[in-house]
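Down below is the structure, laid out as structure tokens.
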Amino acid sequence: MQRYFIAPELLTETDVTIVGDDAHHIIRVMRGKAGDQVIVSNGLDREAVVRLREPEKDRVVADIVEWLPMLNEPAVEVWIAQSLPKGDKMELVIQKGTEIGADRFIPFQSERTVVQLDAKKEGKRVERWQKIAKEAAEQAHRNRVPAVEAPLSWKQLLERIGQADAAWICYEKQDGLQLKQRIQEALTKHRDSSVSRTAADGPTQAYTAEQRIKLLLIVGPEGGFTEQEVKAAEAAGAHSVSLGRRILRTETAAMVGLTCILYETGEMGG
């Protein structure tokens, strides 16, 4: 069943109004007619099966048929910080990362980043990236659309590390702990802190869905990170990790790292 994300204010207790590109897709592409059913989500806390009324010229009104549980989001938030790759690789990272289960994408520029964004075009680029995330979320039946942020400088990215519960920087020269071990460390630490919080404050103070553990994966450009950048990230609180013995392309590393995290946290049978 086709899925659409709509603005929260357009979804009421009894009906929904679909406008813009989504209405065009229903009317022109899907040839929707009265009685057809689709799924709509406000991307926050509500989604439902709805039945279309007769489509109008530029909007579609539909009646609520059934409210649905929102169970398709991972129990952890994974933020993908991706040094801007060449060509359309960022679009691939966002599309496939959304399908796999990323919660947020943070593009950034590092020392060996080749791409130099035009400030005048940055807004349109981010808008396109966000649209790609929305379409991928609809295809993958996500309950929400991952956020795509405006590109950050390296310094700005370092400041974001402290906002995550655990942060890892992928480094091909790392010969110590692999990502799997770091993930288990972070989960154990978070689990222990959750137990301590519950014991001290009572069961009602346990971690809620909004307090999911936040995991930041930092992926470098085609030329990789410099040793100075890795040291700076570690000083800011990140751990350098290996994704294995083989050298991965930057867009591959993002998807492999994300998949490993979700597997180890039980989202893919781990």
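The values are calculated or read from the model by the stated rules, or taken from the named source; none is laboratory data. Predicted model only: the values in this text are computed from it and were never measured. Please note: Cβ atoms are built from the backbone with ideal geometry, for glycine as well, and neighbour counts cover all protein chains shown.
Can you name every residue in the range 61-81 that is at pLDDT 95 or above and touching a Leu at 6+ places or on another chain (Cβ under 9 Å)?
Residues satisfying the conditions are VAL61, ALA62, ASP63, ILE64, GLU77, VAL78, TRP79, ILE80, ALA81.
Can you tell me which residues in the range 30-53 are assigned to a strand (DSSP E or B) and polar (S, T, N, Q)? Quick ask: steps written out before the conclusion?
Taking the range 30-53 and keeping what is assigned to a strand (DSSP E or B), we get 37-41, 47-52.
Within the range 30-53, GLN37, SER41 qualify.
Between residues in the range 122-140 that are of a type in the set (Lys, Arg) and residues that are surrounded by 14 or more Cβ atoms within 10 Å (Cβ to Cβ) and not in a loop (DSSP other than H, G, I, E, B), which pairs lie under 7 Å by C-beta distance while being six or more apart or on different chains?
Close Cβ pairs satisfying both conditions: LYS134/PHE5.
In the range 218-232, what count of residues is obtained for those that are out of contact with any strand residue (DSSP E or B) (no Cβ under 6 Å at 6 or more places or on another chain) and either closer than 13 Å to LYS173 by Cβ or loosely packed, with under 15 Cβ neighbours inside 10 Å (or both)? Give the steps one after another, and end with the answer.
First, pick out the residues of the range 218-232 that are out of contact with any strand residue (DSSP E or B) (no Cβ under 6 Å at 6 or more places or on another chain): 222-229, 231-232.
Among the residues that remain, those that are also either closer than 13 Å to LYS173 by Cβ or loosely packed, with under 15 Cβ neighbours inside 10 Å (or both) are: 223-229, 231.
Counting residues in the range 218-232 that are out of contact with any strand residue (DSSP E or B) (no Cβ under 6 Å at 6 or more places or on another chain) and either closer than 13 Å to LYS173 by Cβ or loosely packed, with under 15 Cβ neighbours inside 10 Å (or both) gives 8.
If we scan the range 121-143, do we find a residue that is surrounded by 20 or more Cβ atoms within 10 Å (Cβ to Cβ), modelled with pLDDT of 95 or more and assigned to a loop (DSSP other than H, G, I, E, B)?
There is at least one residue in the range 121-143 that is surrounded by 20 or more Cβ atoms within 10 Å (Cβ to Cβ), modelled with pLDDT of 95 or more and assigned to a loop (DSSP other than H, G, I, E, B).
May I ask you to list pairs of residues, at least six apart or on different chains, whose Cβ atoms are under 9 Å apart, with the first in the range 244-255 being surrounded by fewer than 13 Cβ atoms within 10 Å (Cβ to Cβ) and the second being charged (D, E, K, R)?
Close Cβ pairs (under 9 Å, with a partner that is charged (D, E, K, R)) amount to ILE247/GLU172; ARG249/LYS89; ARG249/GLU222.
Scan the range 4-43 residue by residue and report those that are β-branched (Val, Ile, Thr) and touching a helix residue (DSSP H, G or I) at 6+ places or on another chain (Cβ under 8 Å).
Looking only at the range 4-43, we keep the residues that are β-branched (Val, Ile, Thr), and these are 6, 12, 14, 16-19, 26-27, 29, 38-40.
Residues satisfying the conditions are ILE6, VAL16, THR17, ILE18, VAL19, VAL38.
Could you give me the residue pairs with C-beta distances under 8 Å whose first residue belongs to the range 105-117 and is more than 19 Å from GLU159 (Cβ to Cβ), whose second residue is among the polar types (S, T, N, Q) and surrounded by fewer than 15 Cβ atoms within 10 Å (Cβ to Cβ) wherever it lies, and which are 6+ apart or on separate chains?
ARG112/THR226
For the range 54-68, which positions are within 13 Å of ARG28 (Cα to Cα), in a strand (DSSP E or B) and either without any contact (Cβ under 8 Å) to a residue 12 or more places away in the chain or charged (D, E, K, R) (or both)?
Of all residues in the range 54-68, those within 13 Å of ARG28 (Cα to Cα) come to 55-60.
When the remaining residues are screened for being in a strand (DSSP E or B), the result is 59-60.
ARG59 - this is the single residue of the range 54-68 that is within 13 Å of ARG28 (Cα to Cα), in a strand (DSSP E or B) and either without any contact (Cβ under 8 Å) to a residue 12 or more places away in the chain or charged (D, E, K, R) (or both).
Please find, within the range 5-20, the residue that is farthest from ASP45 (Cα to Cα) out of those that are of a type in the set (D, E, K, R) and in contact (Cβ under 8 Å) with a residue 12 or more places away in the chain. Even if it seems obvious, please write down each step before you answer.
At the first step, the residues of the range 5-20 found to be of a type in the set (D, E, K, R) are 9, 13, 15.
Cutting the leftovers down to in contact (Cβ under 8 Å) with a residue 12 or more places away in the chain gives us 13, 15.
Numbers: GLU13: 13, ASP15: 16 Å.
Looking at residues that are of a type in the set (D, E, K, R) and in contact (Cβ under 8 Å) with a residue 12 or more places away in the chain, I get ASP15.
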